[in-house]
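Input: a single structure, listed below in structure tokens.
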Amino acid sequence: MIKILHTADVHLDSPLKSLALRDENLKNIVQTATRTAFSRLIDLGLAEGISAILIAGDLFDGVERSAKTAAFLTGQLDRLKQADIAVFYIKGNHDAENPLTGEVSLPDNVHVFDGRGGRHQLGATNIWVHGVSFSGRQAPDSLLPKFGSPEPDSINIAMLHTSLAGSHGHDSYAPCSVAEMSSMGFDYWALGHVHKRQVHSDAPWIVMPGIPQGRDIGEAGPKSATLLTIEDKTISISEVPTSVADFLGLKIDIGGCRTDDEVRSHVRQQLQEAAEDLAADAGLVRLTVAGRADLKWQVLRDQNAWIEVISEIARSTNRLWIEKIKFDFSGEADSTDNRSAVGELETLMAEIREEPAIAATMRDLLENLANEIPTARRARLLPDEEAVEQLVRSLSHAGAESILAAMKGASE
């Protein structure tokens with residue numbers, strides 16, 4: 001029986017994007033998260049007695065030079081060398097940008113495939129690993145023609161960094177289809193590039209292991225690598241956890257809570273359950289507070305205070321930190337009599353928000369404000385007219401809701 005670990009998209013020293021970085025208790029965890037996740041991969045490989053590890057691209061994160069990154073990496077790879085564990089590595093688009101991959105002398109247990117493609121035997125076994133690296137920052141065409149034929153009467157593993165037929169949020173690199181890969185005669189395709197784990201086929205195995213450490217809420221949930229077990233020319237796989245900090249999207253419904261004490265108690269219970277279910281050391285939570293709550297307007301009026309209260313409740317679990325809190329009661333009917341003064345004001349403000357002149361004024365204000373922001377950042381914040389319109393609607397709704405919350409919260 002032979003075991004092999006498959007990972008990709010490590011993105012060493014990539015920063016985690018989180019407001020929770022402001023918390024000193026969490027800063028050290030998140031700043032070193034990608035390194036710690038990689039160290040855990042090595043720990044796991046040693047504990048499982050693996051014969052090799054496959055790194056299917058984007059071991060690095062970009063163009064930044066870092067002697068510390070190089071020292072860390074070689075130290076971890078040396079741990080594998082001491083255990084006689086082989087490393088097979090293909091360069092992805094981020095690796096092609098990173099000068100370290102061309103300058104650091106990696107331990108001799110590491111085989112780096114080049115852009116021409118090739119194959120390498122795993123020791124004295126009948127396992128052959130095939131791979132093709134990116135030659136530059138982009139690979140607009142399929143790399144499949146660069147793979148040779150599988151070795152007969154052997155287990156053949158192919159490594160490829162690819163977006164497949166396309167994936168939302170990822171550039172189209174080395175495009176190809178599952179059907180094309182399936183027809184090439186390899187037993188296992190060790191893929192990389194798309195950060196979400198997915199097993200595309202089990203005959204042959206075509207596996208995207210996902211990123212070992214999420215970096216923002218767009219990469220929410222527990223992360224993992226894939227462990228291959230090869231026995232009698234049969235491959236089986238299992239998912240193994242790797243992440244140090246998980247980003248979580250969580251919604252807490254406070255409907256039915258009639259007092260502040262009940263809200264706090266309900267939030268504490270929900271966050272404690274989330275902490276107990278957490279696989280990683282820490283959870284960075286993007287929280288939505290919603291529901292048909294009797295305290296809706298008081299909560300909205302005092303939302304800054306509630307943010308601090310809920311954040312402290314999360315910290316008290318010793319595992320959760322609040323990244324962002326959103327109060328969303330937009331779908332909940334309000335019991336205020338529309339004939340009351342506040343009800344009439346709410347109706348009037350809703351009508352005003354629809355006035356073209358009001359929207360035009362807000363667009364002008366936003367444009368003036370945007371002109372004070374550096375061009376690159378402005379392009380990210382407001383990339384097109386639709387983004388501007390959406391921000392106008394969001395700000396007008398938030399402003400009206402803030403005024404109503406102050407009035408209704410005071411009257412209830």
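Tabulated data
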| item | result |
| --- | --- |
| Peptides 112-125, 275-288 ordered by average Cβ neighbours within 10 Å, highest first | 275-288, 112-125 |
| Cβ-based net charge around Asn126, under 14 Å, with every Lys or Arg adding one and every Asp or Glu removing one | -3 |
| Extension gain (nm, one decimal) between Leu391 and Ala357, 0.36 nm per residue minus Cα-Cα | 10.6 nm |
| Förster radius 30 Å - calculated FRET efficiency between Asn28 and Thr375, Cβ distance, rounded to 0.05 | 0.30 |
| Members of Lys196/Lys324; Lys68/Lys251; Lys3/Lys68; Lys27/Lys81; Lys27/Lys326 lying beyond 28 Å, as alpha-carbon distances in this model show | Lys68/Lys251; Lys3/Lys68; Lys27/Lys81 |
| Calculated FRET efficiency for the pair Asp108/Asp153, C-beta based, R₀ 35 Å, to 0.05 | 0.80 |
| Accessible-area composition of region 198-269, carbon plus sulfur, in percent [1.4 Å probe] | 44 percent |
| Separation in nanometres of the label points that stand 7 Å from Cα toward Cβ, at Ser172 and Lys81 | 4.2 nm |
| Separation of the Asp364 and Asp302 label points, Cα + 7 Å toward Cβ, nm | 4.0 nm |
| Net charge contributed by nearby residues that have their C-beta within less than 10 Å of Met208 (K/R +1, D/E -1) | +1 |
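The values are calculated or read from the model by the stated rules, or taken from the named source; none is laboratory data. Everything numeric here is computed off the predicted structure, so don't read it as measured data. Positions of Cβ are generated from backbone atoms using ideal geometry, with glycine treated the same way; all protein chains shown enter the neighbour counts. Just the protein is used for accessible areas: all its heavy atoms, side chains included, with ligands, DNA and RNA removed. Shrake-Rupley method; radii C 1.70, N 1.55, O 1.52, S 1.80 Å.
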